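The values are calculated or read from the model by the stated rules, or taken from the named source; none is laboratory data. These figures come from a predicted structure and were not determined experimentally. Don't worry about glycine lacking a Cβ; one is built from the backbone with ideal geometry, like all the others, and counts go over all protein chains shown. Please note that ligands, DNA and RNA were not included when accessible areas were found on the heavy atoms of the full protein model with its side chains. Shrake-Rupley method; radii C 1.70, N 1.55, O 1.52, S 1.80 Å.
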Amino acid sequence: MPPIDNTSAELTDQIRQILRLEKEGRISEAIEAVLRVLEINSQMGNDNFQNAVSLSKLASLYNIKGNKPEAISCYLRAIDLFRLSIGRQANGPLVESFVGSLMALASIYVDKGQLTESEELYNEAVQVASNLIGENSEEFAYTLYDLAMYYRTRAQYDKAETLFLQSIAIQ
């Protein structure tokens with residue numbers, strides 16, 4: 001195993017490279033870079049939070065590429081790790097990443113017609129945002145808005161309207 005200092009520097013370089021590759025539309029290369037970050041995290045013994053964030057990014061890239069099964073698998077693994085991490089620390093970036101993963105997976109499930117699973121994830125995202133970020137936060141407003149959009153597409157207009165109004169009142 002390389003010295004921690006070299007590995008930490010390599011990890012930072014890999015993260016920068018992922019962002020650059022994604023911005024340039026070089027998704028396959030970005031996926032390889034995320035896989036390398038996961039490998040480095042493993043070597044460094046990094047905690048669940050760092051792995052969850054990396055898996056969430058990997059899921060996002062697979063989704064962009066159209067590989068829904070891999071995206072779902074990565075999001076599910078990331079969400080499990082976020083849930084473990086939340087028990088130990090509930091800071092802003094951790095919670096926001098967790099909520100983002102829940103929402104992204106819910107959206108994929110909507111696209112696949114898995115509406116029960118989608119609704120459960122949207123509701124969990126609202127609860128997590130409410131309990132851990134706060135009901136006056138922008139993140140909470142976004143979760144309400146996304147859940148409202150879900151209900152609107154399901155023709156549950158009363159639920160959608162209530163959530164839209166709540167979301168607007170926060171923003």
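Before moving on, here are some points about what is shown:
- Label-point separation in nm, GLU138 to ASN123, each point 7 Å along Cα→Cβ: 2.9
- With contacts taken as Cα pairs under 8 Å at a separation of at least 6 residues, the chain carries a relative contact order of 13 percent.
- Taking Cα centre as origin and charging only the Cβ of basic (Lys, Arg, +1) and acidic (Asp, Glu, -1) residues, the dipole magnitude of the chain rounds to 260 debye.
- Length added when fully stretched, ARG152-ARG20, from 0.36 nm per residue minus Cα-Cα: 43.9 nm
- Among LEU81, GLN127, TYR151 - extreme Cα towards positive end, dipole of the chain, charges at beta-carbon: TYR151
- Of the DSSP H helices in the chain, those that are both long (alpha-carbon extent of 24 Å or more along the helix axis) and hydrophobic (Kyte-Doolittle mean at least 0.0) are 27-44, 48-65, 68-86, 92-112.
- ASN131-LEU115 pseudo-label distance in nm [points 7 Å out on the Cα-to-Cβ vector]: 2.7
- Expected 222 nm ellipticity per residue - DSSP helices of 4 or more, -39500 (n - 2.57), all of the chain, to 500: -27500 deg cm²/dmol
- In segment 110-171, Cα pairs under 8 Å separated by at least six residues give a relative contact order of 29 percent.
- Annotation: amide H of ASN67 has no partner in the under-5 Å range at sequence separation 5 or more or interchain, hydrogens built in the peptide plane.
- Computed about the Cα centre, the dipole magnitude for segment 21-115 is approximately 160 debye when only Lys and Arg (+1) and Asp and Glu (-1) carry charge, each at its Cβ.
- Within the accessible area of the chain (1.4 Å probe), percent carbon and sulfur: 49
- Whole-number accessible area per residue in Å² for segment 74-152, which is evaluated in the context of all protein chains at 1.4 Å: 46
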